[in-house]
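Note sheet for the following structure.
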Amino acid sequence: MEEEFDLITRPGLKDKKRIVVKVGSSSLVHNETGGLDYTKLEVLVRELCNISNQGKDVILVSSGAIAVGKRVIGQAAVNSQKDNMGFKQACAAIGQARLMMTYQKLFSEYNHIAAQILMTKNTVTDDINRANAYNTFSELLNMGIVPIVNENDTVSTYEIVVGDDDILIGDNDTLSAIVASLVGADLLILLSDIDGLYTDDPRKNPDAGFISNVDKLDERFFEMGKASTGSNVGTGGMNTKLNAAKIATSTGCDMIIANSSDMRILHRIMDGREIGTFFKSDPSSDFDMVEYINHMND
């Protein structure tokens, strides 16, 4: 089996107690149709339930509301309203309900309960709201319930970017790091359409080198993220993942970027196999998450 070829070089991952997993829209839908990929969803939920069954706390940050809503409404309507902000909000409202219903059914098949938490920028930057969010997460985790988090796109219109789904100060990579910091998680896993961090965009540069481990995240890694485009957008969204790594590692959480093509990768990661790019926790007492988030928008 392919798992036999992955070296166990990160044995400490088995001991992680509170894990946040982020999955993007592209990992949940069929590229050809935009419809939900139920096979991948089922495997994802099974993996999360199995991690929870080991006595660990699990939180899922899931994109997909706008994408699912567009699929429900139909392509003709999407084409005619693609730049209409109100239409995107409506798609988010429809899609979030449909997506959560699907998650609830899948989790119940494995005798687990899932709960929905929708966040906005104000949830993070306001002290009272942030404390209330923490209390909600804590109580759900104490009850063994899996929180499923997404951006509340129906009200946070300034966080929706034309052409992109489920945006919070960049995207749900950032949101997942915020959640990890908020709940004191010790591992954040970003499931993406790329194997991890490269020295350049591997889709454009065949000589791009893969980086397996990052012990200290400094400016040279952010420059790698910007290199191929010359902008803050970065290579394939890599800059947003590096911002997520900055938030996570600075607040005491290890982070891994890995490919979501096979959702079974989750138990391989938790076994300590050398998969994806591992960012080592580098906590700093001087790091202010709210200040960093606000600076990202300057």
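List of remarks:
- Between ILE73 and ASP127, the simple spin-label model (points 7 angstrom out along Cα→Cβ) gives 4.0 nm.
- Accessible area ranking (1.4 Å probe, heavy atoms, ligands and nucleic acids excluded), largest first, for SER26, SER63, SER281: SER26, SER281, SER63.
- The range 193-210 and the range 259-298: distance between their alpha carbon centers, rounded to Å: 18 Å
- Ordering ILE211, ILE257 by accessible surface, largest first, gives ILE211, ILE257; the 1.4 Å probe counts only protein heavy atoms, with every chain in place.
- Cα pair count fraction exceeding 17 Å, expressed as % - the range 1-73: 58 percent
- Hz values of 3J(HN,Hα) by residue in the range 23-33 - Karplus curve (6.51, -1.76, 1.60), Gly and Pro given as x: 10, x, 4, 5, 8, 10, 10, 6, 4, 5, 10
- HIS30 accessible area, assembled protein chains, probe 1.4 Å, Å²: 80 Å²
The values are calculated or read from the model by the stated rules, or taken from the named source; none is laboratory data. Model, not experiment: these values are computed from the prediction. As a convention, Cβ positions derive from the backbone with ideal geometry for all residues, glycine included, and neighbour counts pool all protein chains shown. In case anyone asks, the SASA skips ligands and DNA or RNA and just uses the protein heavy atoms, side chains included. Shrake-Rupley method; radii C 1.70, N 1.55, O 1.52, S 1.80 Å.
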